[in-house]
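Read-outs throughout are calculated quantities, based only on the coordinates presented, and are distinct from any laboratory measurement. On a predicted model such as this, the values are computed, not experimentally measured, just so you know. Positions of Cβ are generated from backbone atoms using ideal geometry, with glycine treated the same way; all protein chains shown enter the neighbour counts.
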Amino acid sequence: MAYCFQCHPATDKCDKCHPGGPPAEKTTIPPPAKRPQVPSADASKATFEQLCSKCHALYPVTLHTKAEWSGVVDRMVGYTGADITADDRALILSYIDLAAKP
């Protein structure tokens, strides 16, 4: 009898993960797909506060809608040449999405 070493290293009881019986050959199960990293609210807020306050006082996130903020952030980067990476921009917008008006 074949064994599913990945699922059950010391047994041939594969009926739970292989309903039709154990595989004919030794099998391997691929590793689970990596989940995308979701930034924490604290990291997003800290990035917003740190980078946006370099050039001006922090605007309240309720000043614009979520839809407007993306353009505002892009305009600020383009206007001032602020040193904001694509990852920083994503963090800033994720914080704004949590706190801005709909």
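Just in the range 51-100: which chymotrypsin sites (Phe, Trp or Tyr not before Pro) are loop by DSSP and have at most 14 other Cβ atoms within 10 Å?
Passing both the DSSP loop test and the Cβ count: no residue.
Excluding ILE84 itself, calculate the net charge of residues whose Cβ lies under 14 Å from the Cβ of ILE84, where each Lys or Arg counts +1 and each Asp or Glu counts -1.
Details: positive: LYS54, ARG75, ARG89; negative: GLU49, ASP74, ASP83, ASP87, ASP88.
Surrounding charge for ILE84 is -2.
Might you report the magnitude of the Cβ-based charge dipole of the range 41-99 about its Cα centre, with Lys and Arg at +1 and Asp and Glu at -1, to the nearest 20 debye? Let's see the in-between values first.
Numbers: 5 positive and 8 negative charges, 28 e Å.
Here the size comes out at about 140 debye.
Normalise the Cα radius of gyration of the range 41-99 by 2.2 N^0.38 Å (N = residues in it) and let me know the number. Please list the in-between numbers first.
Details: Rg = 10.2 Å, N = 59, 2.2 N^0.38 = 10.4 Å.
That ratio works out to 0.99.
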